[in-house]
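A short worksheet on the structure shown next.
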Amino acid sequence: MAGGAETRDIGALSDALDEFVRHRSPQLLAIELAGFLAVRLAWSSWSWVDAVVAAAIVAFNPFSEWLIHVFILHCPANGSMRDKLAGYSHRRHHEDPRDLRFQFIHPAVILGGMPLNLLIVLGFRTPSAVTAVVTITALTLIYEWVHFLIHTDYVPRHFLYRRLHRAHRLHHFRNEKYWLGVATRFGDRVLGTNPRKEDVEVSPTAKTALVSR
């Protein structure tokens, strides 16, 4: 175990949830989601545009997740702002996936995204703009939960979650260039990074994530 690592044995779903809500990123996302959801519910005008906007964001989510994983989380170790906010933390996450200090999105990223989401709402000033922000925030919180749960000792029971669990474990312990989806595997299937385990050799950099695409 790495020096100073923060870990906890978690085998029950209730224990996982208890630990999850203690961390800053899920807390910030939950507050943001509650705030924008309250605004959207108060803005009682609903239309087909809301459904289209939410559906479009959900449909693109597997690809945005893939792109962020490849080009931001696996960015070069060059001291850039992208590296400081995401790359360094993600490399530490690969070194010790159980270390709770590096399992979540950096709080600065969440805080930086809040004004951008507010600008979307104030810029468009439409109910569907709030729907868009609510959908994005909800998907991000789901991502955080699934990713955290995968790195606990909780035994997968549901078929769909078992597949997510196995794929992300392969990303960490088989080859960091594949199985880049976390909350969804659709992006990997479309973009060719969802091979059979037997067809991919063990990467010498899987535990350092130093090789970027």
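A Cβ distance below 7 Å, combined with a sequence gap of six or more or placement on separate chains, defines the contacts here; from the range 120-131, residues that are within 12 Å of LEU37 (Cα to Cα) reach residues that are aromatic (Phe, Trp, Tyr) and in a helix (DSSP H, G or I) in the pairs VAL130/PHE36. When the range 1-55 is filtered for residues that are among the aromatic types (Phe, Trp, Tyr), at pLDDT 95 or above and over 14 Å from ALA138 (Cβ atoms), the ones remaining, listed by number, are PHE20, TRP48. May I ask you to verify whether PHE173 is crowded, with 18+ Cβ neighbours inside 10 Å and more than 22 Å from LEU37 (Cα to Cα)? Taking the combined requirement at face value, the residue does not satisfy it.
Screening the range 38-52 for residues that are farther than 17 Å from LEU122 by Cβ and not hydroxyl-bearing (Ser, Thr, Tyr) and picking the one that is surrounded by the most Cβ atoms within 10 Å (Cβ to Cβ) gives ASP50.
For beta carbons closer than 8 Å, sequence separation of 6+ or different chains, a first residue in the range 4-15 that is farther than 15 Å from ARG157 by Cβ and in contact (Cβ under 8 Å) with a residue 12 or more places away in the chain and a second that is loosely packed, with under 13 Cβ neighbours inside 10 Å and not charged (D, E, K, R), the qualifying pairs are THR7/MET1.
Note on the range 24-63: residues that are within 23 Å of the chain's Cα centre (by Cα) and charged (D, E, K, R) amount to 2. Tell me, which residue of the range 126-177 that is part of a helix (DSSP H, G or I) and polar (S, T, N, Q) is farthest from the chain's Cα centre (by Cα)? The qualifying residue farthest from the chain's Cα centre (by Cα) is SER128. In the range 68-97, the residue that is surrounded by the most Cβ atoms within 10 Å (Cβ to Cβ) out of those that are touching a helix residue (DSSP H, G or I) at 6+ places or on another chain (Cβ under 8 Å) and under 29 Å from VAL130 (Cα atoms) is ALA86. Here's a check for you: in the range 45-78, which residue that is of a type outside the set (Phe, Trp, Tyr) and assigned to a loop (DSSP other than H, G, I, E, B) is nearest to ASN175 (Cα to Cα)? Among residues in the range 45-78 that are of a type outside the set (Phe, Trp, Tyr) and assigned to a loop (DSSP other than H, G, I, E, B), the one nearest to ASN175 (Cα to Cα) is HIS74.
The values are calculated or read from the model by the stated rules, or taken from the named source; none is laboratory data. The structure displayed is predicted, hence computed values, not measured ones. Positions of Cβ are backbone-derived with ideal geometry, glycine not excepted, and every protein chain shown enters the neighbour counts.
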